[in-house]
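The values are calculated or read from the model by the stated rules, or taken from the named source; none is laboratory data. These numbers come from a predicted model, not from an experiment. Don't worry about glycine lacking a Cβ; one is built from the backbone with ideal geometry, like all the others, and counts go over all protein chains shown. All accessible areas refer to the heavy atoms of the entire protein, side chains included, with ligands and DNA or RNA removed. Shrake-Rupley method; radii C 1.70, N 1.55, O 1.52, S 1.80 Å.
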Amino acid sequence: MTKSEPAKPVKIVETVLRDGHQSLAATRMRTSDMIPMLEQLDNIGYHALECWGGATFDSCLRFLGEDPWERLRTIKKYCPKTPLQMLLRGQNVLGYNHYSDDVVYEFVHRAVDNGMGILRIFDALNDVRNLESSIRATKKAGGHVQGAIVYTISPYHTVEMFTKVAKDLVDMGADSICLKDMAGLLAPYTAYEIIKSFKANFSVPVDVHTHYTSGMGSMSYLKAIEAGADIVDCALSPFALGTSQPATEALVAALEGQPRDTGIDKEKLFPIADHFRGVKKSLAADFKLDTAIDIDTKVLTFQIPGGMLSNMLNQLKQQGHADKYQALLEEMPRVRADAGYPPLVTPTSQIVGATAAFNVICGRYKVVSKEIRDLARGAYGRTPAPIGEAMKKAIANMPVITHRPADDIPPQMESLTKALAEKGYPNASKEDVLSYALFPEVALKFFNGKRAA
Ligand code: CO
(Lines give C-alpha, C1' and ligand atoms only; values in the text may rest on other atoms or scores of the structure.)
Protein backbone atom coordinates (compact mmCIF):
# COMPACT_ATOMS: atom_id res chain seq x y z
CA MET A 1 0.00 0.00 0.00
CA THR A 2 1.35 3.43 -0.90
CA LYS A 3 0.84 6.38 1.41
CA SER A 4 -1.78 7.97 -0.86
CA GLU A 5 -4.11 4.99 -0.63
CA PRO A 6 -6.85 5.44 1.95
CA ALA A 7 -6.63 3.13 4.96
CA LYS A 8 -9.17 0.34 4.83
CA PRO A 9 -9.41 -1.06 8.33
CA VAL A 10 -10.92 -4.50 8.76
CA LYS A 11 -14.10 -4.15 10.78
CA ILE A 12 -15.05 -6.61 13.49
CA VAL A 13 -18.42 -7.92 14.58
CA GLU A 14 -18.07 -9.00 18.22
CA THR A 15 -20.04 -12.20 18.86
CA VAL A 16 -19.39 -12.76 22.59
CA LEU A 17 -22.99 -11.79 23.40
CA ARG A 18 -24.55 -14.28 20.93
CA ASP A 19 -22.69 -16.89 18.90
CA GLY A 20 -19.80 -17.09 21.39
CA HIS A 21 -21.91 -18.42 24.22
CA GLN A 22 -24.36 -20.18 21.88
CA SER A 23 -21.42 -22.21 20.55
CA LEU A 24 -19.54 -22.81 23.80
CA ALA A 25 -22.02 -22.43 26.66
CA ALA A 26 -25.35 -23.70 25.31
CA THR A 27 -26.65 -20.09 24.91
CA ARG A 28 -26.90 -19.67 28.66
CA MET A 29 -25.30 -16.23 29.13
CA ARG A 30 -27.62 -14.05 31.18
CA THR A 31 -28.26 -10.35 30.65
CA SER A 32 -26.80 -9.74 34.10
CA ASP A 33 -23.54 -11.34 32.91
CA MET A 34 -23.41 -8.83 30.06
CA ILE A 35 -24.43 -5.56 31.69
CA PRO A 36 -21.14 -4.81 33.53
CA MET A 37 -19.23 -4.74 30.21
CA LEU A 38 -21.76 -3.23 27.81
CA GLU A 39 -20.54 0.37 28.04
CA GLN A 40 -16.94 -0.76 27.52
CA LEU A 41 -17.97 -2.89 24.54
CA ASP A 42 -19.79 0.12 23.10
CA ASN A 43 -16.54 2.13 23.28
CA ILE A 44 -14.28 -0.36 21.46
CA GLY A 45 -15.15 0.68 17.92
CA TYR A 46 -16.69 -2.56 16.76
CA HIS A 47 -18.61 -2.60 13.49
CA ALA A 48 -21.47 -4.26 15.38
CA LEU A 49 -22.30 -6.24 18.50
CA GLU A 50 -24.04 -9.49 17.64
CA CYS A 51 -26.26 -9.99 20.66
CA TRP A 52 -29.69 -11.35 19.70
CA GLY A 53 -31.49 -13.88 17.54
CA GLY A 54 -30.20 -17.35 16.77
CA ALA A 55 -30.95 -19.48 19.82
CA THR A 56 -30.85 -16.61 22.35
CA PHE A 57 -34.57 -15.84 22.11
CA ASP A 58 -35.60 -19.41 22.89
CA SER A 59 -32.96 -19.73 25.60
CA CYS A 60 -34.08 -16.52 27.38
CA LEU A 61 -37.66 -17.78 27.64
CA ARG A 62 -36.96 -21.47 28.17
CA PHE A 63 -33.94 -21.59 30.46
CA LEU A 64 -33.21 -18.15 31.87
CA GLY A 65 -36.65 -16.78 32.77
CA GLU A 66 -35.82 -13.62 30.83
CA ASP A 67 -37.86 -11.61 28.37
CA PRO A 68 -35.75 -11.53 25.19
CA TRP A 69 -37.28 -8.18 24.20
CA GLU A 70 -36.26 -6.70 27.53
CA ARG A 71 -32.70 -7.98 26.94
CA LEU A 72 -32.61 -6.20 23.59
CA ARG A 73 -33.78 -2.90 25.09
CA THR A 74 -31.27 -3.20 27.94
CA ILE A 75 -28.32 -3.81 25.62
CA LYS A 76 -29.33 -0.87 23.42
CA LYS A 77 -29.63 1.37 26.47
CA TYR A 78 -25.99 0.66 27.42
CA CYS A 79 -24.72 0.56 23.81
CA PRO A 80 -26.18 3.60 22.06
CA LYS A 81 -23.25 4.02 19.64
CA THR A 82 -22.53 0.56 18.25
CA PRO A 83 -25.10 -1.05 15.93
CA LEU A 84 -26.65 -4.18 17.41
CA GLN A 85 -26.84 -7.21 15.16
CA MET A 86 -29.03 -10.29 15.14
CA LEU A 87 -29.35 -13.58 13.26
CA LEU A 88 -32.73 -14.20 11.64
CA ARG A 89 -33.77 -17.42 9.86
CA GLY A 90 -35.76 -15.69 7.12
CA GLN A 91 -39.30 -17.03 6.93
CA ASN A 92 -38.58 -19.24 9.98
CA VAL A 93 -37.92 -16.05 12.01
CA LEU A 94 -36.31 -17.65 15.09
CA GLY A 95 -38.40 -20.80 15.11
CA TYR A 96 -38.25 -24.05 13.23
CA ASN A 97 -41.02 -23.78 10.65
CA HIS A 98 -42.25 -21.18 8.20
CA TYR A 99 -44.40 -18.33 9.49
CA SER A 100 -46.84 -16.08 7.69
CA ASP A 101 -45.63 -12.85 6.15
CA ASP A 102 -47.45 -10.73 8.73
CA VAL A 103 -45.58 -12.47 11.58
CA VAL A 104 -42.27 -11.85 9.79
CA TYR A 105 -43.23 -8.22 9.17
CA GLU A 106 -44.26 -7.58 12.76
CA PHE A 107 -41.26 -9.38 14.24
CA VAL A 108 -38.79 -7.37 12.18
CA HIS A 109 -40.52 -4.08 13.02
CA ARG A 110 -40.60 -4.81 16.73
CA ALA A 111 -36.91 -5.84 16.63
CA VAL A 112 -35.85 -2.60 14.91
CA ASP A 113 -38.07 -0.45 17.15
CA ASN A 114 -36.56 -2.07 20.24
CA GLY A 115 -33.00 -1.26 19.15
CA MET A 116 -31.86 -3.78 16.53
CA GLY A 117 -29.68 -2.25 13.80
CA ILE A 118 -28.35 -4.98 11.49
CA LEU A 119 -30.43 -8.04 10.62
CA ARG A 120 -28.39 -10.92 9.24
CA ILE A 121 -30.94 -12.98 7.36
CA PHE A 122 -30.39 -16.48 6.00
CA ASP A 123 -32.28 -19.46 4.67
CA ALA A 124 -31.09 -23.01 5.34
CA LEU A 125 -31.41 -23.89 1.64
CA ASN A 126 -30.14 -20.54 0.27
CA ASP A 127 -33.56 -20.22 -1.39
CA VAL A 128 -33.78 -16.44 -1.71
CA ARG A 129 -37.56 -16.58 -2.00
CA ASN A 130 -37.59 -17.45 1.71
CA LEU A 131 -35.79 -14.16 2.42
CA GLU A 132 -38.09 -11.91 0.38
CA SER A 133 -40.50 -10.87 3.09
CA SER A 134 -37.91 -10.41 5.86
CA ILE A 135 -35.73 -8.28 3.56
CA ARG A 136 -38.73 -6.16 2.56
CA ALA A 137 -39.79 -5.77 6.20
CA THR A 138 -36.29 -4.80 7.36
CA LYS A 139 -36.02 -2.16 4.65
CA LYS A 140 -39.42 -0.76 5.60
CA ALA A 141 -38.53 -0.71 9.31
CA GLY A 142 -35.30 1.18 8.60
CA GLY A 143 -32.91 -1.63 9.53
CA HIS A 144 -29.74 -2.72 7.73
CA VAL A 145 -30.25 -5.90 5.69
CA GLN A 146 -27.32 -8.26 5.74
CA GLY A 147 -28.11 -11.06 3.31
CA ALA A 148 -26.33 -14.25 4.36
CA ILE A 149 -25.28 -17.13 2.13
CA VAL A 150 -24.92 -20.41 3.97
CA TYR A 151 -21.61 -22.05 3.09
CA THR A 152 -21.36 -25.78 2.55
CA ILE A 153 -19.45 -28.26 0.40
CA SER A 154 -21.06 -30.29 -2.39
CA PRO A 155 -20.63 -30.79 -6.12
CA TYR A 156 -23.31 -28.11 -6.59
CA HIS A 157 -21.88 -25.50 -4.24
CA THR A 158 -19.39 -23.74 -6.48
CA VAL A 159 -17.90 -20.24 -6.31
CA GLU A 160 -20.27 -19.32 -9.15
CA MET A 161 -23.30 -20.63 -7.27
CA PHE A 162 -22.43 -18.73 -4.06
CA THR A 163 -21.79 -15.60 -6.12
CA LYS A 164 -25.13 -15.94 -7.88
CA VAL A 165 -27.02 -16.22 -4.58
CA ALA A 166 -25.10 -13.23 -3.21
CA LYS A 167 -25.89 -11.16 -6.30
CA ASP A 168 -29.56 -12.10 -6.07
CA LEU A 169 -29.56 -10.85 -2.46
CA VAL A 170 -27.88 -7.58 -3.48
CA ASP A 171 -30.51 -7.16 -6.19
CA MET A 172 -33.20 -7.77 -3.57
CA GLY A 173 -31.83 -4.86 -1.53
CA ALA A 174 -29.22 -6.35 0.81
CA ASP A 175 -27.03 -3.58 2.27
CA SER A 176 -24.20 -6.03 2.93
CA ILE A 177 -23.48 -9.71 2.33
CA CYS A 178 -22.31 -12.37 4.74
CA LEU A 179 -20.65 -15.64 3.85
CA LYS A 180 -21.89 -17.76 6.74
CA ASP A 181 -19.87 -20.87 7.54
CA MET A 182 -21.72 -22.36 10.49
CA ALA A 183 -19.85 -25.68 10.45
CA GLY A 184 -16.26 -24.42 10.13
CA LEU A 185 -15.77 -25.99 6.69
CA LEU A 186 -14.48 -22.91 4.89
CA ALA A 187 -10.84 -23.49 3.88
CA PRO A 188 -8.49 -20.51 3.51
CA TYR A 189 -7.97 -20.64 -0.24
CA THR A 190 -11.66 -21.29 -0.90
CA ALA A 191 -12.48 -18.26 1.23
CA TYR A 192 -10.05 -16.26 -0.89
CA GLU A 193 -11.68 -17.38 -4.15
CA ILE A 194 -15.25 -16.74 -3.01
CA ILE A 195 -14.52 -13.31 -1.54
CA LYS A 196 -12.53 -12.31 -4.66
CA SER A 197 -15.54 -13.28 -6.74
CA PHE A 198 -17.94 -11.36 -4.47
CA LYS A 199 -15.78 -8.24 -4.62
CA ALA A 200 -15.58 -8.49 -8.42
CA ASN A 201 -19.34 -8.82 -8.81
CA PHE A 202 -20.90 -6.31 -6.41
CA SER A 203 -19.91 -3.38 -4.26
CA VAL A 204 -21.76 -3.78 -0.94
CA PRO A 205 -19.56 -4.68 2.07
CA VAL A 206 -18.74 -8.36 2.60
CA ASP A 207 -18.67 -9.99 6.04
CA VAL A 208 -17.22 -13.45 6.73
CA HIS A 209 -18.54 -15.62 9.56
CA THR A 210 -16.82 -18.87 10.44
CA HIS A 211 -16.45 -21.30 13.32
CA TYR A 212 -13.17 -22.67 14.60
CA THR A 213 -14.54 -26.24 14.60
CA SER A 214 -11.97 -27.63 12.15
CA GLY A 215 -9.14 -25.36 13.30
CA MET A 216 -8.94 -23.32 10.07
CA GLY A 217 -10.85 -20.23 11.18
CA SER A 218 -8.08 -17.65 11.53
CA MET A 219 -6.33 -18.82 8.36
CA SER A 220 -9.58 -18.45 6.45
CA TYR A 221 -10.13 -14.96 7.84
CA LEU A 222 -6.63 -13.88 6.84
CA LYS A 223 -7.10 -15.10 3.27
CA ALA A 224 -10.60 -13.58 3.12
CA ILE A 225 -9.13 -10.27 4.31
CA GLU A 226 -6.43 -10.49 1.62
CA ALA A 227 -9.21 -11.00 -0.91
CA GLY A 228 -10.91 -7.82 0.28
CA ALA A 229 -13.39 -8.90 2.96
CA ASP A 230 -14.63 -5.80 4.77
CA ILE A 231 -15.83 -7.37 8.01
CA VAL A 232 -15.08 -10.53 10.01
CA ASP A 233 -16.89 -11.99 13.02
CA CYS A 234 -14.79 -12.68 16.12
CA ALA A 235 -15.43 -13.52 19.77
CA LEU A 236 -13.42 -12.31 22.74
CA SER A 237 -10.99 -15.06 23.69
CA PRO A 238 -12.91 -16.74 26.57
CA PHE A 239 -15.77 -17.40 24.14
CA ALA A 240 -13.60 -18.01 21.05
CA LEU A 241 -12.07 -21.06 19.33
CA GLY A 242 -13.45 -24.60 19.65
CA THR A 243 -16.85 -24.52 17.98
CA SER A 244 -16.98 -20.70 18.25
CA GLN A 245 -15.33 -17.90 16.22
CA PRO A 246 -11.64 -16.93 15.98
CA ALA A 247 -10.51 -14.69 18.86
CA THR A 248 -10.97 -10.93 18.62
CA GLU A 249 -7.72 -10.00 20.43
CA ALA A 250 -5.66 -12.28 18.16
CA LEU A 251 -7.12 -10.83 14.97
CA VAL A 252 -6.59 -7.27 16.19
CA ALA A 253 -2.96 -8.10 17.07
CA ALA A 254 -2.33 -9.93 13.78
CA LEU A 255 -3.30 -6.87 11.72
CA GLU A 256 -1.61 -4.25 13.90
CA GLY A 257 0.64 -1.93 11.89
CA GLN A 258 -0.47 -3.59 8.64
CA PRO A 259 -2.45 -1.93 5.84
CA ARG A 260 -5.70 -3.35 7.17
CA ASP A 261 -5.07 -2.53 10.85
CA THR A 262 -8.45 -2.67 12.64
CA GLY A 263 -7.66 0.49 14.59
CA ILE A 264 -8.92 -1.24 17.74
CA ASP A 265 -6.79 -0.78 20.87
CA LYS A 266 -6.25 -4.34 22.11
CA GLU A 267 -5.34 -3.10 25.61
CA LYS A 268 -8.98 -2.08 25.98
CA LEU A 269 -10.10 -5.63 25.17
CA PHE A 270 -8.16 -7.32 27.97
CA PRO A 271 -10.28 -6.23 30.96
CA ILE A 272 -13.46 -7.10 29.05
CA ALA A 273 -12.05 -10.54 28.23
CA ASP A 274 -11.14 -11.00 31.92
CA HIS A 275 -14.76 -10.35 32.87
CA PHE A 276 -16.07 -12.89 30.36
CA ARG A 277 -13.52 -15.49 31.52
CA GLY A 278 -15.26 -15.29 34.88
CA VAL A 279 -18.67 -15.46 33.23
CA LYS A 280 -17.71 -18.64 31.40
CA LYS A 281 -16.66 -20.26 34.68
CA SER A 282 -19.91 -19.30 36.37
CA LEU A 283 -22.02 -20.54 33.46
CA ALA A 284 -20.18 -23.87 33.49
CA ALA A 285 -20.82 -24.20 37.23
CA ASP A 286 -24.42 -22.91 37.31
CA PHE A 287 -25.65 -24.90 34.31
CA LYS A 288 -23.27 -27.88 34.59
CA LEU A 289 -21.82 -27.26 31.15
CA ASP A 290 -18.68 -28.60 29.60
CA THR A 291 -17.28 -25.42 28.05
CA ALA A 292 -13.89 -26.87 27.12
CA ILE A 293 -14.71 -27.77 23.53
CA ASP A 294 -11.76 -28.77 21.37
CA ILE A 295 -11.44 -28.45 17.63
CA ASP A 296 -12.57 -31.54 15.73
CA THR A 297 -10.93 -32.12 12.38
CA LYS A 298 -13.36 -34.97 11.59
CA VAL A 299 -15.79 -32.27 10.49
CA LEU A 300 -13.67 -31.93 7.35
CA THR A 301 -14.33 -35.54 6.37
CA PHE A 302 -17.96 -35.87 7.38
CA GLN A 303 -18.96 -32.22 6.93
CA ILE A 304 -21.20 -32.53 9.94
CA PRO A 305 -21.12 -29.72 12.51
CA GLY A 306 -19.11 -30.73 15.60
CA GLY A 307 -21.99 -30.35 18.06
CA MET A 308 -24.13 -32.59 15.93
CA LEU A 309 -21.59 -35.43 15.96
CA SER A 310 -21.65 -35.66 19.74
CA ASN A 311 -25.47 -35.32 19.82
CA MET A 312 -25.86 -38.19 17.37
CA LEU A 313 -23.48 -40.43 19.28
CA ASN A 314 -25.39 -39.73 22.51
CA GLN A 315 -28.74 -40.51 20.89
CA LEU A 316 -27.47 -43.75 19.42
CA LYS A 317 -26.09 -44.76 22.82
CA GLN A 318 -29.43 -44.04 24.50
CA GLN A 319 -31.18 -46.29 22.00
CA GLY A 320 -28.58 -49.03 22.45
CA HIS A 321 -27.14 -48.58 18.95
CA ALA A 322 -23.72 -47.15 19.76
CA ASP A 323 -22.22 -49.72 17.38
CA LYS A 324 -24.02 -47.99 14.47
CA TYR A 325 -22.06 -44.75 14.87
CA GLN A 326 -19.60 -45.37 12.04
CA ALA A 327 -22.42 -46.50 9.74
CA LEU A 328 -24.33 -43.33 10.61
CA LEU A 329 -21.35 -41.14 9.78
CA GLU A 330 -21.19 -42.79 6.37
CA GLU A 331 -24.95 -42.63 5.84
CA MET A 332 -25.26 -38.89 6.52
CA PRO A 333 -23.58 -37.76 3.27
CA ARG A 334 -25.69 -40.25 1.28
CA VAL A 335 -28.94 -38.94 2.75
CA ARG A 336 -27.75 -35.39 2.17
CA ALA A 337 -27.03 -36.18 -1.48
CA ASP A 338 -30.46 -37.86 -1.86
CA ALA A 339 -32.08 -34.76 -0.33
CA GLY A 340 -30.48 -32.45 -2.90
CA TYR A 341 -27.39 -31.44 -0.89
CA PRO A 342 -28.97 -29.09 1.65
CA PRO A 343 -26.42 -27.24 3.81
CA LEU A 344 -26.54 -28.75 7.30
CA VAL A 345 -27.92 -25.98 9.49
CA THR A 346 -31.14 -25.68 11.51
CA PRO A 347 -33.55 -27.22 10.58
CA THR A 348 -32.01 -29.28 7.73
CA SER A 349 -29.23 -30.68 9.95
CA GLN A 350 -31.78 -32.25 12.32
CA ILE A 351 -33.88 -33.62 9.46
CA VAL A 352 -30.98 -35.22 7.59
CA GLY A 353 -29.46 -36.52 10.84
CA ALA A 354 -32.69 -38.18 11.96
CA THR A 355 -33.24 -39.77 8.55
CA ALA A 356 -29.71 -41.18 8.48
CA ALA A 357 -30.26 -42.62 11.96
CA PHE A 358 -33.54 -44.29 10.87
CA ASN A 359 -31.77 -45.68 7.81
CA VAL A 360 -28.96 -47.37 9.73
CA ILE A 361 -31.25 -48.69 12.47
CA CYS A 362 -34.34 -49.73 10.45
CA GLY A 363 -33.03 -50.08 6.89
CA ARG A 364 -32.75 -47.48 4.15
CA TYR A 365 -35.92 -45.35 3.89
CA LYS A 366 -38.02 -47.98 5.69
CA VAL A 367 -39.03 -45.18 8.05
CA VAL A 368 -39.54 -41.81 6.38
CA SER A 369 -40.47 -38.83 8.56
CA LYS A 370 -42.87 -36.07 7.57
CA GLU A 371 -39.99 -33.60 7.78
CA ILE A 372 -37.75 -35.35 5.26
CA ARG A 373 -40.73 -35.78 2.93
CA ASP A 374 -41.47 -32.08 3.23
CA LEU A 375 -37.84 -31.24 2.55
CA ALA A 376 -37.82 -33.47 -0.52
CA ARG A 377 -41.08 -32.10 -1.92
CA GLY A 378 -40.05 -28.47 -1.62
CA ALA A 379 -42.03 -27.48 1.47
CA TYR A 380 -38.93 -25.80 2.94
CA GLY A 381 -37.96 -24.26 -0.40
CA ARG A 382 -35.88 -25.25 -3.37
CA THR A 383 -33.09 -27.73 -2.61
CA PRO A 384 -29.67 -26.88 -4.10
CA ALA A 385 -29.69 -30.02 -6.30
CA PRO A 386 -32.41 -32.36 -7.61
CA ILE A 387 -33.78 -35.00 -5.23
CA GLY A 388 -32.23 -38.45 -5.67
CA GLU A 389 -34.20 -41.47 -6.90
CA ALA A 390 -34.23 -43.27 -3.54
CA MET A 391 -35.94 -40.34 -1.90
CA LYS A 392 -38.27 -39.60 -4.81
CA LYS A 393 -39.96 -42.93 -4.11
CA ALA A 394 -40.67 -41.80 -0.56
CA ILE A 395 -42.66 -38.81 -1.83
CA ALA A 396 -44.18 -40.56 -4.84
CA ASN A 397 -47.81 -39.64 -4.14
CA MET A 398 -47.30 -36.28 -2.48
CA PRO A 399 -47.76 -32.86 -4.06
CA VAL A 400 -44.50 -31.17 -5.00
CA ILE A 401 -44.26 -27.49 -4.04
CA THR A 402 -42.58 -25.24 -6.57
CA HIS A 403 -43.79 -21.85 -5.30
CA ARG A 404 -42.60 -19.87 -2.28
CA PRO A 405 -43.71 -22.04 0.69
CA ALA A 406 -45.03 -19.08 2.74
CA ASP A 407 -47.54 -18.28 -0.02
CA ASP A 408 -49.61 -21.11 1.45
CA ILE A 409 -49.68 -19.61 4.96
CA PRO A 410 -52.56 -17.24 5.75
CA PRO A 411 -51.96 -14.24 8.10
CA GLN A 412 -51.42 -15.37 11.69
CA MET A 413 -51.04 -12.27 13.90
CA GLU A 414 -54.75 -11.79 14.55
CA SER A 415 -55.44 -15.42 15.42
CA LEU A 416 -52.33 -15.55 17.62
CA THR A 417 -53.43 -12.40 19.48
CA LYS A 418 -56.86 -13.96 20.00
CA ALA A 419 -55.40 -17.26 21.14
CA LEU A 420 -53.18 -15.50 23.66
CA ALA A 421 -56.17 -13.49 24.94
CA GLU A 422 -58.05 -16.75 25.50
CA LYS A 423 -55.08 -18.01 27.52
CA GLY A 424 -55.55 -15.07 29.89
CA TYR A 425 -53.52 -12.32 28.24
CA PRO A 426 -56.01 -10.01 26.51
CA ASN A 427 -53.68 -7.00 26.68
CA ALA A 428 -50.53 -8.74 25.51
CA SER A 429 -48.02 -6.52 23.72
CA LYS A 430 -47.09 -7.21 20.11
CA GLU A 431 -43.75 -8.45 21.45
CA ASP A 432 -45.48 -10.98 23.71
CA VAL A 433 -47.66 -12.18 20.83
CA LEU A 434 -44.51 -12.76 18.79
CA SER A 435 -42.83 -14.67 21.62
CA TYR A 436 -45.98 -16.78 21.78
CA ALA A 437 -45.97 -17.24 17.99
CA LEU A 438 -42.44 -18.63 17.99
CA PHE A 439 -42.47 -20.74 21.17
CA PRO A 440 -46.09 -21.12 22.33
CA GLU A 441 -45.69 -23.42 25.32
CA VAL A 442 -42.42 -21.98 26.52
CA ALA A 443 -43.71 -18.40 26.21
CA LEU A 444 -46.92 -19.18 28.12
CA LYS A 445 -44.97 -20.82 30.91
CA PHE A 446 -42.75 -17.76 31.04
CA PHE A 447 -45.72 -15.34 31.12
CA ASN A 448 -47.39 -17.35 33.86
CA GLY A 449 -44.23 -17.36 35.94
CA LYS A 450 -43.66 -13.65 35.42
CA ARG A 451 -47.18 -12.79 36.46
CA ALA A 452 -47.01 -15.03 39.52
CA ALA A 453 -43.70 -13.53 40.63
CO1 CO B 1 -22.31 -18.98 13.75
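Before we move on, is D274 charged (D, E, K, R) and over 25 Å from P83 (Cα atoms)?
Values: charged (D, E, K, R): yes; over 25 Å from P83 (Cα atoms): no.
Against the criterion (charged (D, E, K, R) and over 25 Å from P83 (Cα atoms)), D274 does not qualify.
Would you check which residues across the stretch 414-445 are open to solvent by less than 20 Å² (accessible area, probe 1.4 Å) and either farther than 24 Å from T56 by Cβ or assigned to a helix (DSSP H, G or I) (or both) and list them?
L420, V433, L434, S435, A437, L438, A443
If I go through the stretch 178-218 residue by residue, how many of them are under 18 Å from the mean Cα position of the chain (by Cα) and of a type in the set (F, W, Y)? Break it down into steps so the answer makes sense when it comes.
Initially, the stretch 178-218 is screened for residues under 18 Å from the mean Cα position of the chain (by Cα), giving 178-186, 206-214, 217.
Now narrow it down to the ones that are of a type in the set (F, W, Y): 212.
The number of residues fulfilling the criteria is 1.
Scanning for something more than 26 Å from H144 (Cβ to Cβ) and either among the β-branched types (V, I, T) or part of a loop (DSSP other than H, G, I, E, B) (or both), does the stretch 270-285 turn up at least one residue?
The answer is yes, given that some residue of the stretch 270-285 is more than 26 Å from H144 (Cβ to Cβ) and either among the β-branched types (V, I, T) or part of a loop (DSSP other than H, G, I, E, B) (or both).
Out of D296, D233, I need the residue that is within 16 Å of the ligand (Cβ to nearest atom) and part of a loop (DSSP other than H, G, I, E, B). Which one?
Details: D233 fails: part of a loop (DSSP other than H, G, I, E, B).
Exactly one residue qualifies, and that residue is D296.
Given the options A452, A428, name the one that is over 21 Å from L131 (Cα atoms) and modelled with pLDDT under 95. Break it down stepwise before answering.
Details: A428 fails: modelled with pLDDT under 95.
After applying the criteria, what remains is A452.
Could you look through the stretch 234-280, keep only residues that are among the acidic types (D, E) and out of contact with any helix residue (DSSP H, G or I) (no Cβ under 7 Å at 6 or more places or on another chain), and pick out the one that is surrounded by the fewest Cβ atoms within 10 Å (Cβ to Cβ)?
The initial filter retains those residues of the stretch 234-280 that are among the acidic types (D, E), namely 249, 256, 261, 265, 267, 274.
Those still in the list that are out of contact with any helix residue (DSSP H, G or I) (no Cβ under 7 Å at 6 or more places or on another chain) too: 256, 265, 267, 274.
Values: E256: 13, D265: 13, E267: 8, D274: 14.
So, considering only residues that are among the acidic types (D, E) and out of contact with any helix residue (DSSP H, G or I) (no Cβ under 7 Å at 6 or more places or on another chain), the one surrounded by the fewest Cβ atoms within 10 Å (Cβ to Cβ) is E267.
Quick one: would you say L251 is on the phi < 0 side of the Ramachandran plot, touching a His at 6+ places or on another chain (Cβ under 8 Å) and in a helix (DSSP H, G or I)?
On the way: on the phi < 0 side of the Ramachandran plot: yes; touching a His at 6+ places or on another chain (Cβ under 8 Å): no; in a helix (DSSP H, G or I): yes.
Here the answer is no, as L251 does not meet what is asked.
Any residue that is outside any loop (DSSP other than H, G, I, E, B) and either at positive phi or touching a Pro at 6+ places or on another chain (Cβ under 6 Å) (or both) - is there at least one of those in the stretch 128-147? Before the answer, list the steps.
Residues of the stretch 128-147 that are outside any loop (DSSP other than H, G, I, E, B), as a first pass: 128-141, 144-147.
Then keep just the ones that are either at positive phi or touching a Pro at 6+ places or on another chain (Cβ under 6 Å) (or both); that gives none.
So far as the stretch 128-147 goes, no, none of its residues is outside any loop (DSSP other than H, G, I, E, B) and either at positive phi or touching a Pro at 6+ places or on another chain (Cβ under 6 Å) (or both).
Mind counting the residues in the stretch 374-400 that are under 24 Å from the mean Cα position of the chain (by Cα) and not aliphatic (A, V, I, L, M)?
Initial filter on the stretch 374-400 (under 24 Å from the mean Cα position of the chain (by Cα)): 374-376, 378-385.
Now narrow it down to the ones that are not aliphatic (A, V, I, L, M): 374, 378, 380-384.
Summing the residues that are under 24 Å from the mean Cα position of the chain (by Cα) and not aliphatic (A, V, I, L, M) in the stretch 374-400 gives 7.
Residues being under 15 Å from M37 (Cβ atoms) and either more than 23 Å from the chain's Cα centre (by Cα) or at pLDDT below 95 (or both): count how many of those fall in the stretch 282-292. Can you show your working first?
Here is the first cut: in the stretch 282-292, the ones under 15 Å from M37 (Cβ atoms) are 282-283.
From the residues that got through so far, the ones that are either more than 23 Å from the chain's Cα centre (by Cα) or at pLDDT below 95 (or both) too are 282.
Total satisfying the criteria: 1.
Okay, residues lined up against (1) part of a helix (DSSP H, G or I); (2) open to solvent by less than 30 Å² (accessible area, probe 1.4 Å); (3) not assigned by TED's automatic domain parsing to the domain that holds S133:
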| position | (1), (2), (3) |
| --- | --- |
| I153 | no, no, no |
| T163 | yes, yes, no |
| D168 | yes, no, no |
| L179 | no, yes, no |
| A183 | no, yes, no |
| K196 | yes, no, no |
| S214 | no, yes, no |
| S220 | yes, yes, no |
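Rundown of residues vs (1) of a type in the set (S, T, N, Q); (2) closer than 20 Å to E256 by Cβ; (3) at pLDDT below 95, yes/no style:
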position	(1), (2), (3)
Y189	no, no, no
I194	no, no, no
S197	yes, no, no
F202	no, no, no
V208	no, yes, no
T213	yes, no, yes
M216	no, no, no
D233	no, yes, no
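Please note which helices (runs of 4 or more DSSP H) are completely contained in the stretch 1-70 and include at least 3 residues that are more than 16 Å from the ligand (Cβ to nearest atom), touching a residue at least 40 places away in the same chain (Cβ under 8 Å) and more than 14 Å from the chain's Cα centre (by Cα).
Details: elements: 19-24, 31-42, 56-59.
Passing ranges, in order: 31-42.
Which condition from (1) touching a residue at least 60 places away in the same chain (Cβ under 8 Å); (2) within 16 Å of the ligand (Cβ to nearest atom) is the one that A224 breaks?
(1)
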